[in-house]
Amino acid sequence: MKFSSALFAALVAASCVSVSSHVLAADAAADSAKGAAHAAEHGGIAWQQGDVDAAFALAKSSNKPLFLYWGAVWCPPCNQVKATIFNRQDFIERSRFFVPVYIDGDSPSAQKLGTRFKVSGYPTMILFKPDGSEVTRLPGEVDGARYLQVLELGMNATHSVADTLKAALLPEPKLSPAQWRMLSYYTWDGGEQQLVKNDEVAATLQKLASACNVPEIALRLQLKAWVAMSGQKTEQRPAIDRASAVARLLTLLADARQTRDNMDVLVYGASNLTELLTATGAEQNKLLAAFDSALNVLMKDQTLSKPDRVAIISSQINLARVLTPKGALPAELVQQVQQRVNDLDKSTSNPYERQAVISDAAHALTDVGLIDQSDDLLKAELKRSQAPYYYMLTLASNAKKRNDKAGALNWYEQGYQAAKGPATRLQWGASYLTNLLDLAPHDEERIAKAAQGVLTELAATRDAFYTRNRGSLGRIGKKLSAWNADGKHQQVFGKVQAQLNGICAKTPEADGQKSACESILSNNKSS
């Protein structure tokens, strides 16, 4: 459940057409300073940065596990992790017993390292044995205390989570409660987990839930199985006894302790679970009411972080949308969301928490129809945030919802101009360019200028064709190809293709970089 905002370097204007050598030098200097700054920001955690192989060698020579954190300064969940886990004294003290490694997604060769470790989503946290073998991938959604428990399980594990899974799937598994718990807290969602194929996750979790002999852990595995099933087509799902499932879920929601223990799954999966397990009518209303009651109890829990509280607000909105997918939401809910967002805005002073809270709070306001208030919240944050470009994307999205195409494109362009770091600039540049192609397809001059700028920066980026970069370039290529499908924009398209061909010609063939470059527009060769 990655959920999809952290602190950044100062706002720097950058050209949409090109990046000067001064800007590139400044970026390189900023990257080299991040290690010391990141350690200072996190109360003495001795983060290793730069030479990842040296960090693994240190882990081996010191016989310590290695903890790898892959993140970016702009992502809200990364900042939630910083505000709720990395700042805990018990985590800081525990970090002395492992080698902590931080890979910033914008640091040199970071995207290549992302391919090596099979990560793309921020944040990803992986625990390795001293010999370099992967133990497990840790969740970012659970609270700090529970996270430390899961980390401890991983550090004490004698087998990798992959070997534990194999043992769990045997006809008569003999696992300890600790091994079952590690499986239940593994990061199963998303495309980055390495245990099973994505389309096998739901069935695997269902098997684990059925086999587990520890009731509370079996329940957590079952919840995760149901959430995974909700993302599948009906014919792909394992069989579900819905009446039994609903009864089990209602019992869980009536138990405050169990609800708190499974808060991460329940909050982020409430609407998915409701739609999967109930049809319309009284049964659905009963489950919705139980969820709403349980979420209100969680909202009053002072042990929950402020980002968790925003997640609860969003969950209640999603639950209301089960009954009214497109209609107006209840006025009471809209007023409640507005008040809670105002309270969180006033009470959140930690900069990491604000980066996580304000982004999702703005989305919540938009989701209940308060777009102007969402804009006001975001615009006020532009002045205090060191990463205003992240909020500019939401401002652009809000403008699109009003059908203000010019306003949306201006925010996308401002976001791209302000973005920092090569991978981030490529991602923001892709957002600007692809939205230009959607919202102003006849503005060839602006499209050509934006495409030239993105590719000019790409040419100056080391190890550019990996991981998230590859995804951003793929989106650009797909949109450009569709834009010129009828050949009416061939003059601009041909220039873009020629510029890309020049980049590809200088790209090394190692690790498929050259073929990745050539594939961006490979289906639309100039005639």
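Summary of computed values
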| quantity | calculated |
| --- | --- |
| The range 224-323 - percent relative contact order, Cα under 8 Å, separation 6 or more | 33 percent |
| Relative contact order for the range 162-270, counting Cα pairs under 8 Å that sit 6 or more residues apart, in percent | 20 percent |
| Most positive-pole-ward Cα, Ala440, Thr507, Ala408, against dipole of the range 384-527 from beta carbon charges | Ala408 |
| Listed residue (Val492, Ala279, Ala72) projecting farthest to the positive dipole end of the chain, Cβ model | Val492 |
| Per-bin percent of Cα-Cα distances, the range 278-407 [10 Å] | 12, 40, 32, 14, 2 |
| ³J(HN,Hα), Karplus 6.51/-1.76/1.60, whole Hz, each residue of the range 499-510, x for Gly, Pro | 5, 5, 4, x, 5, 4, 5, 9, 8, x, 7, 4 |
| Computed over the range 43-182: relative contact order in percent, which uses C-alpha pairs under 8 Å that are six or more apart | 27 percent |
| Electrostatic dipole magnitude of the chain [Cβ: Lys, Arg +1; Asp, Glu -1; Cα centre; debye, to 20] | 400 debye |
| Qualifying trypsin sites (Lys or Arg not before Pro) in the range 215-317, DSSP loop, other Cβ atoms within 10 Å at most 14 | Lys233, Lys300 |
| Test item: Cα-centred dipole of the range 321-425, Lys/Arg +1 and Asp/Glu -1 on Cβ, debye | 320 debye |
| Which listed pairs, of Lys233/Lys401; Lys379/Lys400; Lys82/Lys300; Lys405/Lys479; Lys197/Lys478, have C-alpha distances above 20 Å, in listed order | Lys233/Lys401; Lys82/Lys300; Lys197/Lys478 |
| Compactness of the range 386-527, expressed as Rg and Dmax over alpha-carbon positions, Å | 14.8, 46 |
| Positive dipole terminus of the range 123-237, leading residue within Ser184, Ala209, Ala145 (C-beta point charges) | Ala209 |
| Long-range Cα-Cα pairs in the range 443-527 (distance over 16 Å), rounded percent | 48 percent |
| Karplus-derived HN-Hα couplings along the range 236-248 (A = 6.51, B = -1.76, C = 1.60, θ = phi - 60°), whole Hz, x at Gly and Pro | 8, 7, x, 4, 10, 7, 5, 4, 5, 5, 5, 4, 5 |
| Value of D in µm² per second that Stokes-Einstein yields for the range 390-436, Kirkwood Rh from Cα pairs, at 4 °C (1.567 mPa s) | 127 µm²/s |
| Two-decimal log10 I(q)/I(0) for the chain, as the Debye equation yields it once each C-alpha is a single scatterer, q = 0.13 Å⁻¹ | -1.44 |
| √(5λ) per eigenvalue of the Cα gyration tensor, the range 140-196, largest first, Å | 19, 15, 9 |
| Mean accessible surface per residue for the chain, computed with a 1.4 Å probe while every protein chain stays in place, in Å² | 43 Å² |
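The values are calculated or read from the model by the stated rules, or taken from the named source; none is laboratory data. Owing to the predicted nature of the structure, the values given are computational and were not obtained by experimental measurement. Here the Cβ is made from the backbone with ideal geometry for all residues, glycine too, and neighbour counts use every protein chain on show. Note: accessible area is taken over every heavy atom of the protein model, side chains too, but ligands, DNA and RNA are not part of it. Shrake-Rupley method; radii C 1.70, N 1.55, O 1.52, S 1.80 Å.
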